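These notes concern the structure reproduced below.
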Amino acid sequence: KAKVQNLKFLVLSFSFALCVLSFALTCYAQPSSSTDLINNAKQYDGKTVVYAGEVIGEIMVRGDFAWINVNDGQNAIGIWAKKDLIKSIVYKGDYKHVGDKIETMGIFNRACHQHGGDLDIHAQEIVKVAEGREIKFILDEGKIKLAIYLGVGLLCLLILRSLKQKR
């Protein structure tokens, strides 16, 4: 009976260890900040990093690859990725949009030989964390009325000025 209990305990312990290990392998590491990557570029050079932020600007397709710029709120870093890794990106941050938030894992390059010595990350995996959105601008009625009043006032002044010059 004791052997059976020991065997059950061993099986349960082994199962628990496998569950914990599988969760640990599927979880991402803590994303590095752009400031940390830039300030410690020599330390991170050639290493796998996780970087997260908002996709900004245009996606620049170059054959089977593309450039995207990702801003973490402090700086933007260029990400070089296969086109199929970025197909889920819909919104790019600009004046009228908040870009998709992504998390990318890839090789950090302090001075990439392939791309003219620029600092970049060659993505191995990209996951969209949050969908971007369009920014809705609401016009202030008070400002519209003020603009109309000022326009009418300016028009009246111009008419008075032209009448005065004709005299």
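With the Kirkwood sum run over all distinct C-alpha pairs, the stretch 36-97 has a hydrodynamic radius of 12.8 Å. Averaged per residue, the stretch 101-167 has 81 square angstrom of accessible surface, using a 1.4 angstrom probe with ligands and nucleic acids left out.
Across the cross-link table entries K101/K143; K47/K128; K42/K92; K96/K143; K47/K83, which are compared at the Cα atoms, the separations over 27 Å belong to K101/K143; K42/K92. Surface composition of the stretch 39-133: carbon and sulfur make up 48 percent of the accessible area, probe 1.4 Å. Assuming a ≥ b ≥ c are the square roots of the Cα gyration tensor eigenvalues, decide whether the stretch 109-163 counts as rounded (a/c under 1.5), prolate (otherwise, with a/b larger than b/c) or oblate. Oblate, because a/c is 1.5 or more while a/b does not exceed b/c. Ordered by 1.4 Å accessible area with all protein chains kept, K145, K136, K92 run largest first as K136, K145, K92. Taking every alpha-carbon pair in the stretch 91-131 and binning the separations at 5 Å intervals from zero gives 7, 20, 18, 17, 19, 16, 4, 0 percent. Close amide H contacts of D100 (hydrogens built in the peptide plane, cut-off under 5 Å, sequence separation of 5 or more or a different chain): V55, V90, Y91, K92, G93, G132.
Stretching the chain fully between Y149 and D118 yields a gain of 5.9 nm (0.36 nm per residue, less the alpha carbon separation). Applying 0.36 nm per residue to the separation of M60 and K47 and subtracting their alpha-carbon distance, the gain on full extension is 2.2 nm. Cα convex hull, the stretch 63-167: 206 Å³ per residue, rounded to a whole number.
The values are calculated or read from the model by the stated rules, or taken from the named source; none is laboratory data. Since we're looking at a predicted model, the values are computed, not measured. Side chains are part of the model used for accessible areas, which takes the heavy atoms of the whole protein and leaves out ligands, DNA and RNA. Shrake-Rupley method; radii C 1.70, N 1.55, O 1.52, S 1.80 Å.
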